[in-house]
Amino acid sequence: MDEETRGGVVALAAVAGTFLALLMAERLRPLRQPRRSPWRRWRVNAWVTAAAFAAGTLAVAPPALAIARWNEGGGIGLLHLAPMPQALRMGLGFLLLDLTFYWWHWANRRVPLLWRFHSAHHIDPDLDATTSFRFHPGEVLYSAPFRMAQVAVLGVDPVTYVAYQIRSPRRRGRRRPAPSSPTLESTPAPR
Ligand SMILES: [Zn+2]
């Protein structure tokens, strides 16, 4: 098993363990009582998650990983402008991926067309760990160019990219509908 694959397996196991622990904790000590049976929601969220995962695996990961490998081989991107220990470069890369993703998330909440897709994440009738995986596959597909640009400009390596991609999948901001979305104003938002 090469370093990239090993990093992916470790990160995936950490995400799965954290996900199950959070789901159990949320069931035992809910912040507020769920409004619906969790099983039906979980079934919907599982299908949406599967579609989003397929889109990400087929359309986003291959080109982004190819760029990350290219970065690593050629020392390309902002993270390679100054010499530094590899661990520091990876940590910085992870943080910069998250920082730049903030602006992508901001655009998804502000641009009406993007919000049409991103709202699928925010209209979950209740909120739990499964909500963090609930993303419209269309949103995942159109994020591919952004993801490729992000990896290329920053110069992150493949292990950092994989670790970032499968970390707490989408603690992408708050779980409230965008204020500008009239279609969701009547939908009570999960916190
Ligand atoms: Zn959002």
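The values are calculated or read from the model by the stated rules, or taken from the named source; none is laboratory data. On a predicted model such as this, the values are computed, not experimentally measured, just so you know. Cβ sites come from the backbone with ideal geometry, for glycine too, and all protein chains shown count toward neighbours.
Points to keep in mind about this one:
- Filter pass, A82 being in a helix (DSSP H, G or I), small (G, A, S) and either in contact with a Gly (Cβ under 9 Å, 6 or more places away or on another chain) or more than 16 Å from the ligand (Cβ to nearest atom) (or both): no
- Whichever residue in segment 134-148 is hydrophobic (A, V, I, L, M, F, W, C), in a helix (DSSP H, G or I) and in contact (Cβ under 8 Å) with a residue 60 or more places away in the chain and, among such residues, is nearest to the ligand (Cβ to nearest atom): V140
- Taking segment 109-133 as the range and being near the ligand (Cβ under 10 Å from one of its atoms) and within 13 Å of the chain's Cα centre (by Cα) as the test, the residues that pass are H118, H121.
- Among residues of segment 72-99 that are of a type in the set (S, T, N, Q), those with a Cβ under 9 angstrom from a residue that is in a loop (DSSP other than H, G, I, E, B), sequence gap 6+ or separate chain, pair up as Q86/D157.
- Answer from A68, A87 - the residue that is among the hydrophobic types (A, V, I, L, M, F, W, C), modelled with pLDDT under 95 and buried (at least 17 other Cβ atoms within 10 Å of the Cβ): A68
- Near pairs, Cβ below 7 angstrom, 6+ apart or cross-chain, from segment 5-34 (closer than 16 Å to T130 by Cβ and in a helix (DSSP H, G or I)) to any residue that is β-branched (V, I, T) and at pLDDT below 90: V15/I166
- Subset of segment 89-106 [touching a helix residue (DSSP H, G or I) at 6+ places or on another chain (Cβ under 6 Å) and within 16 Å of the ligand (Cβ to nearest atom)]: T100, W104
- Qualifying residue in segment 90-106 (condition: surrounded by 15 or more Cβ atoms within 10 Å (Cβ to Cβ) and over 17 Å from the mean Cα position of the chain (by Cα)): yes
- Residue in segment 167-181 that is in contact with a Leu (Cβ under 7 Å, 6 or more places away or on another chain), modelled with pLDDT under 95 and of a type outside the set (G, A, S) present: yes
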